[in-house]
Amino acid sequence: MRKFQTLTKAEMQVMNILWELDGGGCIHDIIERYDEPKPAYSTVATFLKILYNKEFVGHRKLKGKTFTYFPLITRAEYTRMVMKDVKESFFGGSGTSMIKFFVDREELSREEIDELIELINSK
């Protein structure tokens, strides 16, 4: 199992685009999905190299010097790892403390609280 590593905001942006691209894409496909101003080709290439070294993306050669990049981890898997790390780091491993924090501090609507209660009751 890989050692958990968090992603920077910029790395996360690349991963979000890759998760949206069904089957991955080349650097130009990724740049195309950015809002203006679009990042430089070399910037995206650098982020992909970092993500490759962190084992978040894989790649395969298409033709010439062109590679297609694809996620090696799903968004759900990454979210689970991040939330587990938050629970351990900030709430002493207690899911109850973490949920209590969100209920107390995040100004959940009555509908959101009812949804949480329904979810808990269904488990």
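Once the dipole of the chain is set up with Lys and Arg at +1 and Asp and Glu at -1 on Cβ about the Cα centre, which of Thr66, Ser94, Leu18 lies farthest towards its positive end?
Looking along the dipole axis, the top candidate is Thr66.
Working with all protein chains in place, sort Arg75, Arg110 by solvent-accessible area computed with a 1.4 Å probe, largest first.
Arg110, Arg75
Sequence-distant or interchain residues sharing an amide H contact under 5 Å with Phe67, placed H: which?
Residues meeting the criterion, in which the H sits 1.01 Å from N, are Ile27, Leu62.
Nearest 10 degrees, 0 to 90: what angle lies between the long axis of helix 75-91 and the longest principal axis of the chain (Cα atoms)?
It is inclined by approximately 50 degrees.
Contour minus end-to-end for Tyr41 and Phe4, with contour as 0.36 nm per residue of separation and end-to-end as the Cα-Cα distance?
10.6 nm
Loop sites only, by DSSP: take the GluC sites (Glu not before Pro) in the chain that have at most 13 other C-beta atoms within 10 Å and name the longest stretch containing none of them.
It runs 1-54.
In degrees between 0 and 90, to the nearest 10, how far off the longest principal axis of the chain does helix 95-105 point, with axes built from Cα atoms?
Approximately 90 degrees, to the nearest 10.
What trypsin sites (Lys or Arg not before Pro) in segment 1-64 are in a loop by DSSP, with at most 10 other Cβ atoms within 10 Å of the Cβ?
Arg2, Lys3
By accessible area of protein heavy atoms, probe 1.4 Å, what ranking do Ser42, Ser97 get, highest first?
Ser42, Ser97
Using a 1.4 Å probe and ignoring any ligands, DNA or RNA, find the accessible area of Ile73 and quote it in Å² to the nearest 10.
Its heavy atoms expose roughly 10 Å² to the probe.
Nothing charged except the Cβ atoms of Lys and Arg (+1) and of Asp and Glu (-1): what's the magnitude of the dipole of the chain about its Cα centre? Round to the nearest 20 debye.
My answer is approximately 940 debye.
Which order do Ile50, Ile31 take by accessible area at a 1.4 Å probe, largest first?
Ile50, Ile31
Leaving out ligands, DNA and RNA, and with a 1.4 Å probe, what % of the accessible surface on segment 28-86 is carbon or sulfur?
56
Return one number: the angle in degrees, 0 to 90 and rounded to the nearest 10, between the long axis of the Cα atoms of helix 110-122 and the longest principal axis of the Cα atoms of the chain.
Helix 110-122 sits roughly 90 degrees off the main axis of the chain.
For segment 88-123 and segment 20-70, what is the separation of their Cα centres, given in Å?
Measuring centre to centre over Cα atoms gives 36 Å.
Using only the Cα atoms of segment 1-74, build the gyration tensor, take square roots of its eigenvalues as a ≥ b ≥ c, and label the shape rounded, prolate or oblate: rounded if a/c is under 1.5, else prolate if a/b is larger than b/c, else oblate.
Oblate.
Add -39500 (n - 2.57) for each DSSP H run of 4 or more in the chain, then divide by its residues: what number comes out at 222 nm, to the nearest 500 deg cm²/dmol?
-18000 deg cm²/dmol
Roughly how much of Asp114 is accessible, in Å² to the nearest 10, using a 1.4 Å probe?
Its heavy atoms expose roughly 70 Å² to the probe.
The values are calculated or read from the model by the stated rules, or taken from the named source; none is laboratory data. For clarity, every value in this text was computed on a predicted model and none was experimentally measured. Ideal geometry is used to build each Cβ from the backbone, glycine not excepted, and the neighbour counts take in all protein chains shown. To get the accessible areas, we keep the full protein, side chains included, count just its heavy atoms, and leave off ligands, DNA and RNA. Shrake-Rupley method; radii C 1.70, N 1.55, O 1.52, S 1.80 Å.
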